[in-house]
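**Q** Quick one: the structure is below, questions incoming.
Nothing in this text is a laboratory measurement; each read-out follows from the coordinates by a stated rule. Source: prediction; values computed, not measured. Here the Cβ is made from the backbone with ideal geometry for all residues, glycine too, and neighbour counts use every protein chain on show.
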Amino acid sequence: MQAILEHTSFDVQAIRHQFPVLNRMVKGKPLVYFDNAATAQKPKVVIDALTEYYENYNANIHRGIHSLAEEATAAYESTRDTVQQFINAKYREEIIFTRGVTESVNLVAYTYGRTNLKAGDEIIISGMEHHSNIVPWQLIAAQTGALLKVIPVDDNGELIIEEFHKLLSEKTKIVSLVHASNSLGTINPVKEIIDAAHKVGAVVMIDGAQSTVHLDIDVQELDCDFFAISSHKVYGPTGIGVLYGKKELLEAMPPFMGGGEMIKDVTFEKTTWNELPYKFEAGTPSIADTVAFKAALDFVSSVGKATARKHEDELLHYATSQLESMNDIRMIGKAKHKVSVASFVVEGVHPQDLGILLDNQGVAVRTGHHCTQPLMNRFGIPGTTRASFAMYNTKEEIDVMIAALNKAIKLLK
Ligand code: C6P
């Protein structure tokens with residue numbers, strides 16, 4: 001791998017050293033990991049935090065008075081403080097731990113949505129949503145009689161904002177929108193959308209699955225009502241994520257799941273709820289993963305999102321120009337503002353066949369519809385091949401992918 005590292009002012013080599021998995025071989029070739037939008041690899045500090053928890057202070061939280069329980073609780077709650085700072089939430093109790101973006105959207109749909117929507121109300125989403133920001137709203141719409149409206153996407157993969165303004169009305173109660181598209185990379189103008197939605201009295205949920213790792217997130221400045229995060233896309237463990245919600249909204253919402261921890265008092269006649277954030281955290285959570293999530297956020301902060309983003313942008317531009325210069329390749333998603341996602345189709349080649357041949361050469365990309373089937377239908381394609389870049393990737397790895405692509409296309413055509 002050493003040979004294909006680059007040396008720039010951003011010390012990508014020093015970053016790479018912190019990710020043990022990047023040293024491995026796949027099918028006899030050095031791993032080139034370009035599936036970061038699916039899940040990012042984990043730095044040693046995150047892996048160590050998991051081990052440290054299990055080796056030294058594994059205990060259930062909020063329940064025990066013994067030392068291990070106190071240490072585990074302190075570490076778990078410390079992650080909440082770190083998340084609060086990471087996204088600049090006003091109050092720590094606005095940070096609810098969930099299993100990830102999927103659970104966060106479902107939580108809002110099933111609690112806020114089910115309580116506040118009635119027949120004829122409207123929910124606006126966009127044509128580039130992940131299934132996890134479509135299906136929960138369809139389920140709630142079916143239960144409440146609310147209607148789902150969709151902001152269309154243009155040929156470049158950008159939202160047609162004029163259409164959003166036309167869809168928006170007094171009937172709009174919820175707008176739920178992806179911040180950065182996982183399939184196209186498009187960064188949506190969420191601030192404009194939030195401000196417009198608030199003018200008609202709607203609340204706005206932002207799916208931050210792809211944006212949190214790349215963009216500075218300030219929920220107070222955005223003024224979004226809800227914001228969802230998955231730890232595993234921010235170099236943290238799987239199974240843990242966040243729902244940020246404005247305190248007054250969370251306080252008014254009913255609980256999502258019933259069980260231990262989320263109650264104040266239980267009798268067979270009546271149960272009262274625990275205070276925020278615990279009202280929404282029923283049962284024993286993923287304690288180790290939450291603890292290690294803090295290590296991931298500290299890691300990102302220590303590198304600096306702006307520094308990482310600059311490097312990732314360079315990779316995106318380099319990959320895009322290389323891909324565009326190849327015959328038969330069509331880029332899907334040409335938005336002006338993008339995170340580091342390069343999606344493309346090769347005319348006459350199924351993305352899955354391409355993915356298998358790239359894997360044979362050590363290159364990990366994602367192929368398929370990326371859980372955005374309506375978006376793929378919009379472009380009239382079954383899916384794309386998607387290379388998504390993280391701070392540890394290099395231009396030399398992109399050269400490896402391009403060479404592997406050329407080889408694969410020759411075989412498949
Ligand atoms: N996208 C991808 O390869 P979870 O699975 O809950 O952590 O995140 C779901 C999700 C929601 N919104 C967006 C924009 C996403 O990208 C994802 C996850 C992965 O693109 C897996 S499908």
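**Q** Which whole-Hz ³J(HN,Hα) couplings does the stretch 114-123 yield from phi under the Karplus relation 6.51 cos²θ - 1.76 cosθ + 1.60, θ = phi - 60°, glycine and proline marked x?
**A** 5, 7, 9, 8, 9, 4, x, 5, 10, 10
**Q** Give the Kirkwood hydrodynamic radius (Å, one decimal) of the chain, defined as one over the mean of 1/r across all pairs of different Cα atoms.
**A** Numbers: mean 1/r = 0.0448 Å⁻¹.
Across the chain, the inverse of the average 1/r is 22.3 Å.
**Q** Ok, one more. Over the chain, what relative contact order in percent results from Cα pairs under 8 Å that are six or more residues apart?
**A** Numbers: 827 pairs, mean separation 94.6, N = 413.
For the chain, the relative contact order is 23 percent.
**Q** Tell me, what HN-Hα J-couplings in whole Hz come from the Karplus equation 6.51 cos²θ - 1.76 cosθ + 1.60 at θ = phi - 60° for each residue of the stretch 43-53, using x for Gly and Pro?
**A** Computed from phi, the couplings for the stretch 43-53 are x, 4, 4, 6, 4, 5, 5, 5, 5, 4, 4 Hz.
**Q** Taking the Cβ-Cβ separation of Ser325 and Met25 as r and a Förster radius of 35 Å, what is the calculated FRET efficiency to the nearest 0.05? Could you put the intermediate results ahead of the total?
**A** Numbers: r = 29 Å, r/R0 = 0.83.
It comes out at approximately 0.75.
**Q** Which residues in the stretch 346-386 have a backbone N closer than 15 Å to a point placed 7 Å from the Cα of Lys407 along the Cα-to-Cβ line?
**A** From the stretch 346-386, the list is 354-365.
**Q** Measure off 7 Å from each Cα along the Cα-to-Cβ vector at Phe268 and His66, then give the distance between these two points in nanometres to one decimal.
**A** In this crude spin-label approximation the distance works out to 3.3 nm.
**Q** From the phi of every residue in the stretch 85-95, what ³J(HN,Hα) in whole Hz does the Karplus formula 6.51 cos²θ - 1.76 cosθ + 1.60 yield, where θ is phi - 60° and glycine or proline is x?
**A** 5, 4, 10, 6, 6, 6, 10, 5, 6, 7, 9
**Q** Right, something else. 5 Å is the cut-off here: which amide hydrogens, built 1.01 Å from N in the peptide plane, fall below it relative to Glu261, excluding neighbours closer than 5 in sequence?
**A** For Glu261, the qualifying residues are Gly283.
**Q** Any idea how far apart His337 and Asp218 come out in nm if each label point goes 7 Å out from Cα toward Cβ?
**A** 1.4
**Q** Given H placed on each backbone N at 1.01 Å, which residues far from Leu148 in sequence or on other chains put an amide H within less than 5 Å of it?
**A** It is Ile123, by chain and number.
**Q** With the crude spin-label approximation of a point 7 Å out along Cα→Cβ, what separation in nm comes out for Met257 versus His165?
**A** 4.3
**Q** Give the angle, between 0 and 90 degrees and rounded to the nearest 10, that separates the Cα long axis of helix 305-324 from the longest principal axis of the Cα atoms of the chain.
**A** Taking Cα atoms only, the helix is inclined about 40 degrees.
**Q** Specify which residue in the list Pro285, Gly145, Tyr57 is farthest towards the positive end of the charge dipole of the chain, using unit charges on the beta carbon of Lys, Arg (+1) and Asp, Glu (-1), about the Cα centre.
**A** Farthest along the dipole direction, towards plus: Gly145.
**Q** How far, in degrees from 0 to 90, does helix 351-360 lean away from the longest principal axis of the Cα atoms of the chain, to the nearest 10?
**A** Computed tilt is about 70 degrees.
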